[in-house]
Each structure stands twice: as structure tokens, then as C-alpha cells.
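The values are calculated or read from the model by the stated rules, or taken from the named source; none is laboratory data. These numbers come from a predicted model, not from an experiment. Methodologically, a virtual Cβ is constructed for each residue, glycine included, from the backbone with ideal geometry; neighbour enumeration extends over all protein chains shown.
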Amino acid sequence: MLETAALYSPSPLRGEGRVRGRTPTRGVCESPRDYARGLRRRQTDAERRLWGRLRDRRLLGAKFARQVPIGPYVVDFCCRELRVIVELDGGQHAVHAPADAERTAFLESLGYRMLRFWNNEALGNSDGVLERIAQVLAARPSPRPSPRRGEGGGRG
């Protein structure tokens, strides 16, 4: 009985976007990287719409990636340079509030700013969602400030 319980113990990856659970014969089904790839292939309509507006530095020149493994989680969209994470939540998140709070606390402890939107908000008010993301991006200090006049590698 103890061996069976160990086989079904939860994966070290938690929250939405976690690596799928264990099976009695194979252990963990896929790596975080493979799982993130699968999520990119199976994106929701809301993720597809928002990604179309975030990709290729289309929003304030910020570089976003989608379905990014960070620690034990896979986040929907991440701008690593400015340490901003954007999560799109479906209805299942209404009943997973404690797990979402744990996830948010962990990611914020790494210096990330979390932004959460409902899927229907991203679909019905994508301009408003993008405006809110842009406000947060603009307020985040750049980790690489541009050199002041007279400084830097220019020819003097």
C-alpha cells in the first residue's frame, strides 16, 4: 500500500501548468519543458488573442514568452527582463483560490509582478487588458538603465 501511495504522490510541480501526475508504471509523464510545449500547442482562445498582441515586442517593446516554466510552475506569459507575469484564468480558478495564492506568493518572492485576468475579460476587453499590462510595464524599472549623456561606450 505504501508503494502505491508513493507512486501517486503529487509531482513537485504544482498549480496550473504543472507537470501531469505520476502513473504506476512510468513515473512523471513529461518534463516541465515538454509540458510547456504542449500547453503552447493547446492554447486557449484567450491565450491566442493575447499572445498575438504581446509577441514580437509589440507592447512597449517588452519581450514576452508564453508557457514559461518558473520553479515548480508554468506561467502563461512572462517578461523576464521586467519581471512581469500575466496569467489568464478560466472558471476553474474560482475554486482554486488557495493554490493560486500560494503560486502568486512564490512567484512574487522571486521578484515577479503578477497580473491576473479572466479569460472572458481577455476575449471581450483585450484593449483594456493590454492597457493594464502596459501601465505595469511602464512602471517597472528597467534592469539595464540606459547610459546618461556622456557615459557609455560611445566615441566621446
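Do the conditions hold for R37, that is, is it modelled with pLDDT of 75 or more, surrounded by 11 or more Cβ atoms within 10 Å (Cβ to Cβ), of a type outside the set (A, V, I, L, M, F, W, C) and under 27 Å from G124 (Cα atoms)? Spell out the reasoning first.
Numbers: modelled with pLDDT of 75 or more: no; surrounded by 11 or more Cβ atoms within 10 Å (Cβ to Cβ): yes; of a type outside the set (A, V, I, L, M, F, W, C): yes; under 27 Å from G124 (Cα atoms): yes.
Considered against the rule, which asks whether it is modelled with pLDDT of 75 or more, surrounded by 11 or more Cβ atoms within 10 Å (Cβ to Cβ), of a type outside the set (A, V, I, L, M, F, W, C) and under 27 Å from G124 (Cα atoms), R37 comes out as no.
Taking A6 as the residue in question, decide whether it is more than 21 Å from A122 (Cβ to Cβ), aliphatic (A, V, I, L, M), at pLDDT below 95 and part of a helix (DSSP H, G or I).
yes
Could you go through region 80-91 and let me know if any residue there is modelled with pLDDT under 90 and more than 13 Å from the chain's Cα centre (by Cα).
Taking every residue of region 80-91 in turn, at least one turns out to be modelled with pLDDT under 90 and more than 13 Å from the chain's Cα centre (by Cα).
I'd like to know if region 56-65 contains one or more residues that are over 18 Å from R116 (Cα atoms), at pLDDT below 95 and assigned to a loop (DSSP other than H, G, I, E, B).
no
Is it true that T25 is closer than 23 Å to V136 by Cβ and either modelled with pLDDT of 70 or more or part of a loop (DSSP other than H, G, I, E, B) (or both)?
no
For region 65-84, give me the residue count where each residue is in contact with a Gly (Cβ under 6 Å, 6 or more places away or on another chain) and either at positive phi or not hydrophobic (A, V, I, L, M, F, W, C) (or both).
Total satisfying the criteria: 2.
Across region 106-139, which residue is nearest to V74 (Cα to Cα) among those that are crowded, with 16+ Cβ neighbours inside 10 Å and of a type in the set (D, E, K, R)?
So the residue we want is R113.
(1) in contact with a helix residue (DSSP H, G or I) (Cβ under 6 Å, 6 or more places away or on another chain); (2) β-branched (V, I, T); (3) at pLDDT 90 or above: which one isn't true of V68, the others all being true?
The number of the failed condition is (1).
For region 106-143, give me each residue that is out of contact with any Lys or Arg (no Cβ under 6 Å at 6 or more places or on another chain), at pLDDT 95 or above and in a loop (DSSP other than H, G, I, E, B).
L110, N125 - these are the residues of region 106-143 that are out of contact with any Lys or Arg (no Cβ under 6 Å at 6 or more places or on another chain), at pLDDT 95 or above and in a loop (DSSP other than H, G, I, E, B).
Does any residue in region 99-125 that is among the small types (G, A, S) come within less than 6 Å, Cβ to Cβ, of a residue that is surrounded by 16 or more Cβ atoms within 10 Å (Cβ to Cβ) six or more places away or on a different chain, and which pairs are these?
Short answer, once both residue conditions are applied: A99/G15; G111/R83; A122/A46; A122/L50; A122/L88; A122/V129.
Which members of region 65-86 meet the condition of being among the aliphatic types (A, V, I, L, M) and under 22 Å from A99 (Cβ atoms)?
Scanning region 65-86 gives V68, I70, V74, V75, V84, I85, V86.
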